[in-house]
Every structure is written in C-alpha cells, then in structure tokens.
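Every number here is computed from the coordinates shown, using simple stated rules; none is lab data. Every value quoted in this text rests on a predicted model; they were computed, and no experiment measured them. Here the Cβ is made from the backbone with ideal geometry for all residues, glycine too, and neighbour counts use every protein chain on show.
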Amino acid sequence: MADRAMDRLLPRWDHRERHTIAVRAPGERVLRAVDETRWRDVPLFHVLMLAGSLGTRRDKAGEPFLASMTSGGFTELHRDDSQLVIGAVVATEEPKGPARLAEPVADAFAAFDRPGHYKVAFDFRVGEGRLTTETRVLSTDEAARRRFARYWMLIRLPSGLIRREWLHGIRRRAESPAGARPPNP
C-alpha cells in the first residue's frame, strides 16, 4: 500500500477514531463505492440529520453522502488508488464554521496553525481485503482544544456508530453486482 496520506496531512492529533471492515471487491470498486454511497445507505446519519433539523432539512436520501459533505465545508485533500482523505479546518470562535484554504488545499491544510481552530481529517483506505476509515482531530490552541473536547464527548459515540454504518453501506455497494443498486439495510 502507498504511504499513508493522513500521516503527512495530520501527523499529530488530539482525538482519533478508527474502524475497519472486511470487503470482497477490488480496491478501485471500493473507493468508487465511497463516492457513490447515498444517504439512504447510511440511515442512522440520515435520521439524525433530519431529527437535528427538526424536519426542516429536505430529504437527501438519494444524494451521495460524501458529495454533500464536500459541498458543506469539507474538501478532498488526497486521492490515489488505495486511499481518499477528506478534511476541513473549522473556526471555534465567531464567525464559526469551515475556514477557506488557499491552493493547493492539502498543503494549506497541513500547514494551518492559526489559533481558534481545529483541523479534522478522515480517510478511507483499501488493502488486503479490508476497508479502513480513520478520523483525526487536532486543535490549534488550548482554548480550541478545550472547546472541541467538550464537543467530542457528545459526538464520539454517535460518530463511531455512523462510521461503522457508513463502512457497511460502502461494502454493500462495492460487493453488489455491477450496475445493481445495493439492498437497503
């Protein structure tokens, strides 16, 4: 397997979570399934997002899950034959939300160190019959670290459940016959 892009982009972290699943499909098909997995393939996240918006968010069941994330502040930091890395830099103080990064985005992400932010990256890696995802978070200063630690305490469990469900959705799509829609969970 090629070198781990995550180790170049976010070699240190405050928080990390990893999940893995066996998958019986060629690597390129698995990574294509990462791109093609829909909200309906990850029903727990879909339900949580609808509930969190009190039903005001339109139904996204048929939209690609990853594409909606990258249109909402995350960006692709790296892609090759065996891995995909998505990340964002997020401000913890007003104005809160994703920071805009200069081009090339991967270099700007790796170098970003302005106080009051956290960097979050997650990847998908394929190799030896396994699909692995890892999430890493690094805060840029102590105040941001404390703010994110409180948030992490709230989201770690549901985030882990979502990641595992996402892996299962990707596996169903990757292992389904070419052109067939994978069965709903």
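Rounded to whole Hz and in sequence order, give me ³J(HN,Hα) for region 14-26 from the Karplus expression 6.51 cos²θ - 1.76 cosθ + 1.60, θ = phi - 60°, writing x for Gly and Pro.
Karplus-based 3J(HN,Hα) across region 14-26 equals 8, 9, 8, 9, 10, 9, 9, 8, 6, 9, 10, 6, x Hz.
For a quick check: with amide H placed at 1.01 Å from N, whose amide H comes under 5 Å from residue 14's, ignoring anything fewer than 5 positions away on the same chain?
137, 138, 139
Would you calculate the separation in nanometres between label points at residue 176 and residue 112, each defined as 7 Å from the Cα along the Cα-to-beta-carbon direction?
Here the modelled spin labels are 3.3 nm apart.
Roughly how many nanometres apart are two label points built 7 Å out from the Cα toward the Cβ at residue 8 and residue 157?
Result for the modelled spin labels: 3.9 nm.
Calculated FRET efficiency, residue 102 and residue 24, Cβ-Cβ r, R0 35 Å, to nearest 0.05?
According to the calculation, E is roughly 0.30.
Return the distance in nm (one decimal) between the two label points of a simple spin-label model at residue 17 and residue 94, each offset 7 Å from Cα along Cα→Cβ.
Result for the modelled spin labels: 3.0 nm.
Give me the Kirkwood hydrodynamic radius of the chain in Å, from all C-alpha pairs, to one decimal place?
Evaluated on the chain, it is 17.2 Å.
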